[in-house]
Amino acid sequence: MAVGGRLSEMSLPTLIQTLCNEGTQARLELRRGDQKGAIYFDKGGVVHAEVGRIQGEEAVYELLTWEDGEFELQVGVAPPRQSITVNWSGLLLEGMRRLDERRERENVSESSEGKGEMAQKKRSELIAEAIANLLAESADIEGGALVGIDGLVLSANVPVRGIDETLVGAAAAAIFGLSKRSVAQLKRGEFFQTLIQGSEGNIIVTAIDPRTVFVAITPPDVNLGMVFYEARRVAQRLAEVLK
């Protein structure tokens, strides 16, 4: 049985993570205009990919640049061969890194337009937009907030039932204070990021500048490597806005 949809509604990183976590054997066909590609899954990993004449890991990295297009999942299809040995989380991290570099190059070439947009939008709108974009793109982070080290919530998007934004700010400030003191006492340099794990989920606090932090809330059993990467990426974006 085939299941389909659009990448604008379910991103390719989300599809890859879901299929690998479920251990599904399947072929994921992708189409964007007249371009076609496919990714094959088996035993909890990505084992083969192709788009045009590109195959293997490079095909995955190319397909990860597709933010729109159609996909169709066919379960039970065996891969024709194995061209990928890197684990799926490593593929996603490298693909996201390359995508960030590509976006940075595009931003440099369009710097004049970017400056115009910054001038038109208020700082608060840009902060809210950065957090909203993170939640829309992430398969793991279900809430995020920009918090001052005094516990004041500057911007928050926490659509998790039973969690009050004020409590998020207070908890983030307390975690930051304890983490910063611990890092200093143990001579570990400057505080950067900390993780607290509970039976029902995780809290990740990432430093943005000396006076603000970004706090992310996740459910349990997520890919922490991907969460750390996404938290650092949005922290960098927020740092740019706060300059």
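Annotations for the structure displayed:
- 5 angstrom amide H check on Thr24, placed H, neighbours 5+ away: Gly44
- In loop segments of the range 183-232 as defined by DSSP, the GluC sites (Glu not before Pro) with at most 12 further C-beta atoms inside 10 Å of their C-beta are Glu190, Glu200.
- Area of Phe71 that stays accessible when all protein chains are in place (1.4 Å probe, Å², to 10): 20
- For the set Arg27, Arg181, Arg161, Arg81, solvent exposure ranked by accessible area (probe 1.4 Å, protein chains only) runs largest to smallest as Arg161, Arg181, Arg81, Arg27.
- Dividing the convex hull volume of the alpha carbon atoms of the range 157-243 by its residue count gives 110 Å³ per residue.
- Per residue solvent-accessible surface (Å²) - the chain, probe of 1.4 Å: 56
- FRET efficiency for the Glu125 to Ala170 pair, using the beta carbon distance and R₀ = 25 Å, is estimated at 0.50.
- Carbon/sulfur fraction of accessible area - the range 129-177, other protein chains in place, 1.4 Å, %: 53
- Ranked packing of 85-91, 41-47, most packed first, by mean Cβ within 10 Å: 41-47, 85-91
- C-alpha center-to-center spacing [the range 174-243, the range 25-66] in angstrom: 33
- Ranked order, Met10, Met226 - accessible area, probe 1.4 Å, largest first: Met10, Met226
- Crossing angle, helix 12-22 versus the chain [Cα axis fit, 0-90 degrees, rounded to tens]: 80
- Spin-label model, Arg31 to Asp221: label points 7 Å out along the Cα-to-beta-carbon direction sit 3.5 nm apart.
- Near-label residues of the range 222-243 by backbone N, under 16 Å of a point 7 Å along Cα→Cβ of Asn87: 222-229
- If you count Lys pairs in the chain whose Cα atoms are under 23 Å apart, skipping same-chain pairs closer than 8 places in sequence, the total is 4.
- Choice from Ala78, Ala172, Ala38 with maximal GNM fluctuation in the chain (Cα, 10 Å cutoff): Ala78
- Surface calculation, 1.4 Å probe, protein heavy atoms: Ser8 sits at approximately 80 Å² accessible.
- Each Lys and Arg Cβ is given +1 and each Asp and Glu Cβ -1; about its Cα centre, the chain then shows a dipole of about 700 debye.
The values are calculated or read from the model by the stated rules, or taken from the named source; none is laboratory data. Given the structure is predicted, the values throughout are model-derived calculations rather than measurements. Neighbour counts are summed over all protein chains in view; Cβ atoms, including those assigned to glycine, are modelled from backbone coordinates with ideal geometry. Each accessible area value is taken on the protein alone, full model and side chains, heavy atoms only, with ligands, DNA and RNA left out. Shrake-Rupley method; radii C 1.70, N 1.55, O 1.52, S 1.80 Å.
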